[in-house]
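Student: The following block contains the structure, expressed as structure tokens.
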Amino acid sequence: MNTNQNIWEIVNLTDLVKILKDSQKKFVIIGITLNSTPQGITKMIKKFLKSKSKQYPNMTFLYYNAKDSDLGRISLLSKDRDQYPFIYHVYDTSHIFVSVNMANEETTYKAFFEVEEYYKKDKDNFLNLQENLQENLQENLQENENININKNILTTNQNKQQNEIENENNMQEDEDAEAEQQRKIIEQKQMLEKLLLLQKHAKDYNIKFLSIVQDRKKREAKRETKGKNTE
């Protein structure tokens, strides 16, 4: 038998007990057959469980083909083989409120119809709860999305501010570099002016020095000439 999320074909008694214990505050319908149960009845029970599992997602549906060694071990498994198959309607793990023995198609569906109003109410509550959970999930997702958007905006603003700071720093660095370059140009210009001035002074000094030397030579030549005339 194909299984949906709320229908199971049990293979051993331990699994049956575990699922029942885990079904607190839930409706569970269990079909139990034996190897001696006619195949037609077994197919009918499986079909019934499968169709109702689709109509009532709020409930759990179980099918178990009991072994001879299982009989009498729990209250659901009668030792009287003539009473099989059974259809049990269980609520909150262990409360059996409908029991159909020697189940056939008529008694199986009739018993379900007698208590279906409770299943419908439980289904409505289940669907409302699912809807509320879905809405809460969507709200949480939207809140998380808004938080992420705000984080992205904050990150963008922070990055923008950081970029502005970096741009300002870069502009300041560029201004500083340009100012340094201008300072170096001015220094080089001043140095060149000093060199030109020194060269001019040196030239004037050389001219003056040469003039002094020439005058000195002239005086010396006169003294020599005067000395010779005296002799």
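The values are calculated or read from the model by the stated rules, or taken from the named source; none is laboratory data. For clarity, every value in this text was computed on a predicted model and none was experimentally measured. Every residue, glycine as well, gets a Cβ built from its backbone with ideal geometry; the counts of neighbours run over all protein chains shown.
Student: Do we have Ile45 as under 17 Å from Asn101 (Cβ atoms), in a strand (DSSP E or B) and touching a residue at least 40 places away in the same chain (Cβ under 8 Å) here?
Tutor: Numbers: under 17 Å from Asn101 (Cβ atoms): yes; in a strand (DSSP E or B): no; touching a residue at least 40 places away in the same chain (Cβ under 8 Å): yes.
So Ile45 does not fit the description; no.
Student: Ser75 passes all but one of (1) assigned to a loop (DSSP other than H, G, I, E, B); (2) in contact with a strand residue (DSSP E or B) (Cβ under 7 Å, 6 or more places away or on another chain); which number fails?
Tutor: Just one mismatch for Ser75, condition (2).
Student: When residues of the range 69-103 are filtered for being of a type in the set (D, E, K, R) and either surrounded by 16 or more Cβ atoms within 10 Å (Cβ to Cβ) or touching a Cys at 6+ places or on another chain (Cβ under 6 Å) (or both), how many remain?
Tutor: So the first thing to find is which residues in the range 69-103 are of a type in the set (D, E, K, R), and the list is 70, 73, 79-82, 92.
Within this subset, residues satisfying the condition of being either surrounded by 16 or more Cβ atoms within 10 Å (Cβ to Cβ) or touching a Cys at 6+ places or on another chain (Cβ under 6 Å) (or both) are 70.
Count: 1.
Student: Can we say Glu106 is at pLDDT 95 or above, surrounded by fewer than 18 Cβ atoms within 10 Å (Cβ to Cβ) and outside any loop (DSSP other than H, G, I, E, B)? Outline the logic, then answer.
Tutor: Numbers: at pLDDT 95 or above: yes; surrounded by fewer than 18 Cβ atoms within 10 Å (Cβ to Cβ): yes; outside any loop (DSSP other than H, G, I, E, B): yes.
Yes: the conditions hold for Glu106.
Student: Condition test on Thr37, is it crowded, with 17+ Cβ neighbours inside 10 Å, in a loop (DSSP other than H, G, I, E, B), touching a strand residue (DSSP E or B) at 6+ places or on another chain (Cβ under 9 Å) and modelled with pLDDT of 95 or more?
Tutor: Details: crowded, with 17+ Cβ neighbours inside 10 Å: yes; in a loop (DSSP other than H, G, I, E, B): yes; touching a strand residue (DSSP E or B) at 6+ places or on another chain (Cβ under 9 Å): yes; modelled with pLDDT of 95 or more: yes.
It is true that Thr37 is crowded, with 17+ Cβ neighbours inside 10 Å, in a loop (DSSP other than H, G, I, E, B), touching a strand residue (DSSP E or B) at 6+ places or on another chain (Cβ under 9 Å) and modelled with pLDDT of 95 or more.
Student: Let me ask something else about it. Report yes if Gly72 is more than 19 Å from Ser99 (Cα to Cα) and out of contact with any helix residue (DSSP H, G or I) (no Cβ under 6 Å at 6 or more places or on another chain), otherwise no. Spell out the reasoning first.
Tutor: Numbers: more than 19 Å from Ser99 (Cα to Cα): no; out of contact with any helix residue (DSSP H, G or I) (no Cβ under 6 Å at 6 or more places or on another chain): yes.
For Gly72, the condition - more than 19 Å from Ser99 (Cα to Cα) and out of contact with any helix residue (DSSP H, G or I) (no Cβ under 6 Å at 6 or more places or on another chain) - is not met.
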